[in-house]
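The values are calculated or read from the model by the stated rules, or taken from the named source; none is laboratory data. No experiment lies behind these values; they were computed from the predicted model shown. Cβ placement follows ideal geometry from the backbone for every residue including glycine, while neighbour counts extend to all protein chains displayed. Only protein heavy atoms, including side chains, enter the accessible area calculation; ligands, DNA and RNA are left aside. Shrake-Rupley method; radii C 1.70, N 1.55, O 1.52, S 1.80 Å.
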Amino acid sequence: MKTNFKRRAFVKYLAFGSATIGTLAFGTEKSGESQKAKKPNFGMIFDQNKCVGCTDCERACAKVNLVPKGQMRLFVEDKTDPNDRMNKRYVRVSCQQCVEAPCVAVCPTNACHKDSLTNITTTNANDCIACKYCIVACPYDVRFINAQTHSAESCNFCLDTNLKNGKEPACVEACRYDALVFGDLNDEDAHISKLLKIKDSLRMRPECGTKPSLRYIPAVKMGV
C-alpha cells in the first residue's frame, strides 16, 4: 500500500518561517564525521515489476503542469521483447534529477538551476533565452522547449505545482499500482531510502557521472 506523502514531511523544506534548510541535520556521514546540515536530495523509484504501462502518470503530469499538447515531461516507453510478450517491460523516461546536473552547468543565464530550498533541478522560464544548451548537454534527451512559454523545461517533480501545495508529484498520485515512490534520499527514515536498502536498483547511464536521483528497480523475468 502506497505511503502518503504527508504535508508536514515536505513543508520543512518549503516553509516560509525563520527556519532555513541550512539548520536541518540529516544524519551522520559514513566516514564517521559528526552530524552536519545537509540539503535534501529528492529522488524517485520506478519499479518495473509494478508498472503496467497504463500511462496514467503521463496524463496526470500534463494536466497538473499545463504541458502543451504534443509535448511531455515524462513518458512510459514499452521495452517489451516482441519474442517474449509474457514479460511486459516498461521504462519511465524523464529528467533524472542529476546531482551533478549538466543542464545547470551549461546554462548561461542560470535559468536552469538547483532550487535553493529543495535542491531540485528546475527552470525559471522568465530567465530562459531558449538557447538549447541544456538540451544538448542532457545525456538523457528529456529536455524540450515549451511551445507556450518558449522556455526549456523538464520534469521537476512538480516543484511549482503539487509539491508547492504539500502533495506528491502528480505522477506518483496518479499511479494505481505503486510503481512510483518519491522522497528524500538523504533522509534515512524516508520510505524511499528504506526501500533502496532492501531492493536492487539501477541508475540510467551511470557512466555519465551525473549521479541520477531517479532509480529503477529492474523487472524480474517470469516463466521459462
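Post the alpha-carbon centroid distance, region 200-222 to region 98-158, in whole angstrom.
Cα centres, region 200-222 to region 98-158: 22 Å.
Cross-link partners among aspartates and glutamates for Lys38, C-alpha distance below 20 Å, same-chain residues fewer than 8 apart left out?
Glu29, Glu100, Asp115, Asp184, Asp187, Glu188, Asp189
Share of region 125-200's accessible area from carbon and sulfur, percent, 1.4 Å?
Ligands and nucleic acids excluded, carbon and sulfur reach 46 percent.
Sticking with the crude label model, points 7 Å out along Cα→Cβ, report the distance from Ser116 to Met222 in nm, one decimal please.
5.0
Compare the Cα positions of Ile192, Asn162, Cys208 along the charge dipole of region 106-224 (+1 at Cβ of Lys, Arg; -1 at Cβ of Asp, Glu; about the Cα centre) and return the one farthest towards the positive end.
Cys208
Once you've got the Cα coordinates, tell me which of Lys79/Lys164; Lys199/Lys221; Lys50/Lys164 are over 22 Å apart.
From the list (Lys79/Lys164; Lys199/Lys221; Lys50/Lys164), the Cα-Cα distance tops 22 Å for Lys79/Lys164; Lys50/Lys164.
For Lys69, give me every one of the aspartates and glutamates with a C-alpha distance below 17 angstrom, ignoring sequence neighbours fewer than eight places off in its own chain.
Candidates past the 8-residue exclusion: Asp56, Glu58, Glu153.
Taking a ≥ b ≥ c as the square roots of the Cα gyration tensor eigenvalues, with a/c under 1.5 meaning rounded and otherwise prolate when a/b beats b/c, else oblate, which class fits region 137-208?
oblate
Is the C-alpha gyration tensor of region 183-224 telling us rounded, prolate or oblate? Criteria: a/c under 1.5 is rounded; beyond that, a/b larger than b/c is prolate, otherwise oblate.
Cα axes put region 183-224 in the oblate bin.
With a Förster radius of 41 Å, plug the Cβ-Cβ distance of Ile129 and Ile198 into 1/(1 + (r/R0)^6) and report the FRET value to the nearest 0.05.
For R0 = 41 Å, the calculated efficiency reads 0.35.
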